[in-house]
Every structure is written in C-alpha cells, then in structure tokens.
Amino acid sequence: MRQRHASQAARRAREFEAFVAGAAGRLLRTATLLTAESPDDNPRARRLLTLSLAHTYACWDRLRGEDPYDRTRQYLATRFARGTWHRYGGRARPHPDSPLAPLTPQERLILVLRLYEGVAEEQTAALLGLSAERVRAICHRATSTLLHRPRGPAPSVTAAKAVPS
C-alpha cells in the first residue's frame, strides 16, 4: 500500500514538474503584465505565480481532464483581482516604465486575459463576474487608452549659434 502511494506521489510530482517547465514562462509573463512590473524586477508577479502554482498543485489530482494551464491562469487572475483590491483599494502602483502603467488593475486584467491570453469575452466575463458587454467596454476603453495616450512634450529644436570666424 505504501509503495503504491509513493509511486502515485512520484507520478504526480513528475507530471506537475513537466507542467511547470512548459507553462511557467508564459504564466510569469502574464503575472508580470498584470502587476505592471518590470520584467527584470517583478517580485509581486513572482509571488502571484508561486501562489497560483501552489494552488494548482494542491488540486492536481482533482483536475480530471481539466487543463491545468486554464486552472492556474484562472486562479492567477482571481488572486490578482482580489489582492489588488484588498491591498491597494484598486490603485496598485505599477512600474512607471510599464506599457500598461496608465491602466487601472481591472483594465489590465481584462486586457491581458482578452488580448495576451486569448480568453473569450464570455469566459472573461464569467471569471470576473461581469457581463460580456461590460468586459467589451472595459477592453475597448483600455485599448483606446494605450493607443491614444498623450505623448510628452515635443523635443525642442535649438538652433546652433553661429560661431564668428
């Protein structure tokens, strides 16, 4: 009996390690986009990913045909949404150089799920408890914000002073 449990645990560990080896990079990028941190310095994203992978490992045996990537991404998104709201009141401070810095956490979440992860509008709405129309409107607003954000002041052209000869 012990031997069977040990072999099941070893199989479970190998399967999970293979999953992490294949999916961790993309999931880290997703977490980094959500937290709007620098890819080189992303402690919140790494913590979010670690918590999501731990949750997936804890329910690994209960997945039964369910895609572990979807489960991990779903937990990552809900954990981000809850954590951002409770910790920062919806106003997490993103890294200033992040391209997603002008967006609110909810806009980042919807934009990352819809455009980066390719999650369907209806699935995103169900995951976040919003209507599909609301998800569509937020995604459109976030896209418009990124595409039409104000640019900094135009560089000034300084005329070179003529040096008397």
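Observations, loosely collected:
- Distance between the pseudo-spin-label points of Glu133 and Ala101 (7 Å out from Cα toward the beta carbon): 3.6 nm.
- Once the gyration tensor of the Cα atoms in the stretch 1-140 is diagonalised, the equivalent ellipsoid follows with semi-axes of 30, 17, 12 Å, ordered largest first.
- In a reduced charge model with +1 at each Lys and Arg Cβ and -1 at each Asp and Glu Cβ, the stretch 1-57 shows a dipole moment near 400 debye about its Cα centre.
- Mean accessible surface per residue for the stretch 1-85, computed with a 1.4 Å probe while every protein chain stays in place, in Å²: 60 Å²
- Pairwise label distance in nanometres, His148 with Ala18, each label 7 Å out on the Cα-Cβ vector: 4.9 nm
- Within the accessible area of the stretch 1-48 (1.4 Å probe), percent carbon and sulfur: 52 percent
The values are calculated or read from the model by the stated rules, or taken from the named source; none is laboratory data. Remember, it's a predicted structure, so these values are computed and weren't measured experimentally. Every residue, glycine as well, gets a Cβ built from its backbone with ideal geometry; the counts of neighbours run over all protein chains shown. Please note that ligands, DNA and RNA were not included when accessible areas were found on the heavy atoms of the full protein model with its side chains. Shrake-Rupley method; radii C 1.70, N 1.55, O 1.52, S 1.80 Å.
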